Amino acid sequence: MSQRSIGSPRPDVSAVAGMSELIELLEVVWERGRDTASAPPVSSAQARVLFLVEANDHLNLRELGRLLEAAPPSVTRLCDRLQAVGFLERQPGEDDRREVLLRLTPAGRTYLERLRARRQEVLAEAMAAMPAASRAALAAGLADFCAAVAGPLRLPSAEPFTTRTA
């Protein structure tokens, strides 16, 4: 297999391997942050639900399942647990009462704020050990990477949710 430069349509193998290693390290950092953000801690899957609900207004159970690539019973159980700890609420749709819309509660928003703050503290400590030029290059590269990854995780704004059911 020939290696290509980073600027080509497909990045070289070493860049992909480096990103994979970074993601594995970040998963460890994320778990530390999740466990110390506040009680009660949520699972990684539950945290993903909270992030997706926060990022997508008027998200319903069906669309959440699509974004998570999960079966409806699994999505329902995740939401049940988050509702039980007070981080998520379900509301009937305005136009179709059978539709179940998901919203973060104030406690859910506070949890995410604390989680992000803790994670950012840990990342800031690690980045402080990097040379300034490397931090600047990382910031530029991460902005582009985040844009490429985040697109599929947000629902298209042009799609109406009023006709969807859970």
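For segment 55-133, relative contact order (Cα pairs under 8 Å, six or more residues apart, normalised by length) works out to 25 percent. Counting charges near Gly18 (Lys, Arg +1; Asp, Glu -1) among other residues having Cβ under 13 Å from its Cβ returns a value of -3. The distance between label points at Arg77 and Ala107 comes to 2.2 nm (points 7 Å beyond Cα on the Cα→Cβ vector). Each other residue within a Cβ distance under 10 Å of Gln83 adds +1 if Lys or Arg and -1 if Asp or Glu, for a net charge of 0. Name the shape class, rounded, prolate or oblate, that the alpha-carbon gyration tensor gives for segment 17-133, where a ≥ b ≥ c are the square roots of its eigenvalues, rounded holds for a/c under 1.5, and otherwise prolate holds if a/b is larger than b/c and oblate otherwise. Taking the square roots of the gyration eigenvalues as a ≥ b ≥ c, segment 17-133 is prolate.
Values quoted throughout were computed directly from the atomic coordinates according to the rules given, and no laboratory measurement underlies them. None of these values were measured; they are calculated from a predicted model. When we count neighbours, we look across all protein chains shown, and the Cβ atoms used for this are built from the backbone with ideal geometry, even at glycine.
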